[in-house]
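Here is the structure we will look at.
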Amino acid sequence: MAIQQINIPDIGDFDTVEVIEVLVAVGDTVAIDDSLMTLESDKATMEIPSPVTGKVTKVMVKVGDKVSEGTYVLDIEVSDSAAAPAPAKAEKPAPKAEAPAAVPEKVVTPAAAPRTVEAPSAPAVAPAKPVNNQSMGASSHASPSVRAFARNLGVDLTLVSGTGPKGRIQKHDVELLIKSVMQGTKTVSGAAPAASGAGIPPVPTIDFSQFGATETVELGRIKKISGKHLHTSWLNVPHVTQFDECDITEMDQFRVDMKATAEKQGVKLTPLVFVMKAVVKALQDFPNFNASLSPDGQSLIKKGYYNIGVAVDTPNGLVVPVVKNVDQKGIYELSRDLMEISKKARDGKMSPADMSGGCFTISSLGGIGGTQFTPIVNAPEVAIMGLSKAKMQPVWNGQEFVPRLIMPFSVSYDHRVIDGAEGVRFTTTVGQYLTDLRQLLM
């Protein structure tokens, strides 16, 4: 037995290159042409093959080291008969190295496929030739042997996430993709089944426990259902959000004045019921907001009824019960309806009928805080309003600054149905109705 030192062969015009993979360890048995390590320059990658068959006894380099032609990298223990002819065999066939690399289609027969990397007929120094990924039209970061491995298995490397240094794709990564497809956790196109929308890549999977303690808590049933619906709406509806504000000083004063009378009726007056009436009047003025797109997206289905969805915060998540026929009800009746559906929502007693048939949705965060937000359209509706916390502000009346209660709000809408000009006309109209409730009677 003899020890043969392995040095870096001719690597072309590069002075030094970085070791990005060490593919063997002490004790490994290698055959001729087995890859020992992978080097990378700014524009190319190359694998260093073994010129002999034997056992690795020493490894002198590690990932991140810089090497150049002639650098001593490892020792291989070989038989006396195998050690001598290897150098001669490694130098002669270099001019023929281009043919096998340029015609990968030749490795297609079942008999040849398993021996693509280890074929004894391949010249020993061929893999040491730089392989320029850009010239091959390959955007995936992978070594030639991994590319051959993936090609034999019919795997598109653009679908594989690399776990090696600098995101390099390894054989293990190819095997993981194949396994995930077989188990149904990924589709053939490479996108996670849970993600909808063509061409949208999945969010990378990260083991957060590597950074500290973690706890996994399953989402509640309501959040699972609403989350899926919100995701669908966000992917399918081209959102535009119009921000505005209105003076609700007189409206709120009227609400306070009517508080005692409302309590005698057994109801609690909130600003939301006045907003609902203002929104319905605006929907009548702008019927495109009280509509839905047909499934093929070619027609607009305009509705002759006015049902308003109201987002309710519950311990189990957000739900949107629907108040029916808002245009036909007075303030007290609407207040009673709101109290009833809010209680049912918090008690978890909502039925499908209570949450269907909406034309337009209102999400009010005014009781909590915030200034502005962008609500997601509750498709197949085409618009949604977001109410924020009102606050006293100084407003110039032409002669002096006076304190006024100003409420910020926003309206997100489907831009396929509503353009910007109509969107701002709608918010302006709603603001006018809330500023002067008398206009609701006209």
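Taken together, the values in this text are just the output of simple stated rules run on the coordinates, not laboratory data. This one's a predicted model, so the numbers in the text were calculated from it and none came from an experiment. Cβ coordinates were reconstructed from backbone atoms using ideal geometry, including for glycine residues, and neighbour counts include every protein chain displayed.
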Cα gyration tensor category, rounded, prolate or oblate, for the stretch 222-441 with a/c compared to 1.5:
oblate
Distance between modelled label sites at ASP252 and GLN298, nm, 7 Å Cα→Cβ extension
5.1 nm
Among rounded, prolate and oblate, which fits the stretch 197-238 when a ≥ b ≥ c are the square roots of the eigenvalues of its C-alpha gyration tensor, a/c under 1.5 means rounded, and a/b larger than b/c means prolate?
oblate
The stretch 235-268 to the stretch 421-435: how many Å between their Cα centroids?
14 Å
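Can you sort SER292, SER145 so the residue with the fewest Cβ neighbours within 10 Å comes first? Write out the running numbers ahead of the final one.
Working: SER292 17, SER145 20.
With the fewest neighbours first, SER292, SER145 line up as SER292, SER145.
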Two pseudo-spin positions, 7 Å from Cα along C-beta at GLU215 and at THR374, lie apart in nanometres by 3.3 nm
Here is the link list: LYS281/LYS343; LYS259/LYS329; LYS277/LYS349; LYS303/LYS344; LYS343/LYS391. Which ones come out longer than 22 Å on Cα distance?
LYS281/LYS343; LYS277/LYS349; LYS303/LYS344; LYS343/LYS391
Rounded to one decimal in nm, the spacing of the 7 Å Cα→Cβ label points at LEU440 and GLN328 is 1.8 nm
10 Å binning of all Cα-Cα separations within the stretch 299-426, expressed as whole percents from 0 upward
11, 34, 35, 15, 4, 0
Calculated FRET value between ALA25 and MET1, using beta carbons and R₀ = 25 Å, to 0.05:
0.80
In what sequence do HIS229, HIS172, HIS141 fall when counting other Cβ within 10 Å, fewest first?
HIS172, HIS229, HIS141
Packing-based exposure ordering (other Cβ within 10 Å, fewest first) of ASP252, ASP15
ASP15, ASP252
Assuming R0 = 41 Å, what is the FRET efficiency of TYR305 and THR163, from their Cβ-Cβ distance, to the nearest 0.05?
0.15
Given R₀ = 60 Å, what would the calculated FRET efficiency be for LYS391 paired with ASP15, taking r from the Cβ atoms and rounding to 0.05?
0.35
